[in-house]
Structures are given as C-alpha cells and as structure tokens.
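Worksheet for the structure shown next.
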Amino acid sequence: MKKTFFTVLGFFLFLSGMSALVLSLVGVKLAYLTFIDLPGPLFGFVARVVMIFTGIIMVVLSRTDWDKERQLSDSGQ
C-alpha cells in the first residue's frame, strides 16, 4: 500500500511538472500551479524542474526491492 501511494504520488509530480514546464514554454499555465510563478519566472522554472526530478526519484525508490538489493550487495563482497 505504501509503495503504491509513493509510486502514484511520484508519477503525479513528474507528470504535473513536465506538463507545466512544456506548457509554460508556450505561455500557458496550469491553474493549480500558478502560485509557483509568484516569486519570479526563474523560481517557477526551478520549482518545475525540482518537481520532475522529485517525481522520478520517488518512483525509482518506491519500486526498488531493497531486500533483493541487500542480498546482492552482501553476496558480492
């Protein structure tokens, strides 16, 4: 359940950040992310990029089988 939640949340962050970044290139803004551009356009761009990378990291970490990784690292030593 916890893995699924973080996978969906990470995917949503990635998808929202990517669509907001692509749409901002043509001057369109997503209504629920308009507050990001209030401090300035550079902050908005950095926030969108951080959303994208955070989403990717969350999906990768939530889908990793840590027990299997631990066994592989122990057997390699």
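Computed values, structure above
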item	result
C-alpha long axis of helix 66-76 to longest principal axis of the chain, angle in °	50 degrees
Environment charge at LEU9 (Cβ cut-off 15 Å; Lys +1, Arg +1, Asp -1, Glu -1)	+3
Mean residue ellipticity (222 nm) of the chain, computed from DSSP H runs ≥ 4 via -39,500 (n - 2.57), nearest 500	-26000 deg cm²/dmol
Approximate spin-label separation SER75-LYS29, in nm, with each point projected 7 Å along Cα-to-Cβ	5.4 nm
Taking the chain and dividing mean pair separation by its residue count, relative contact order in percent (alpha carbons under 8 Å, at least six apart)	47 percent
Only Lys, Arg (+1) and Asp, Glu (-1) charged, at Cβ; the chain dipole about Cα centre in debye	160 debye
Local net charge near GLY44, Cβ-Cβ under 10 Å (Lys/Arg +1, Asp/Glu -1)	+1
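FYI, it's all coordinate maths here, none of it is from the lab. Bear in mind the structure is a predicted one, so any value in this text is a computation, not a measurement. Reconstructed Cβ throughout: ideal geometry from the backbone, glycine too, with neighbour counts over all protein chains shown.
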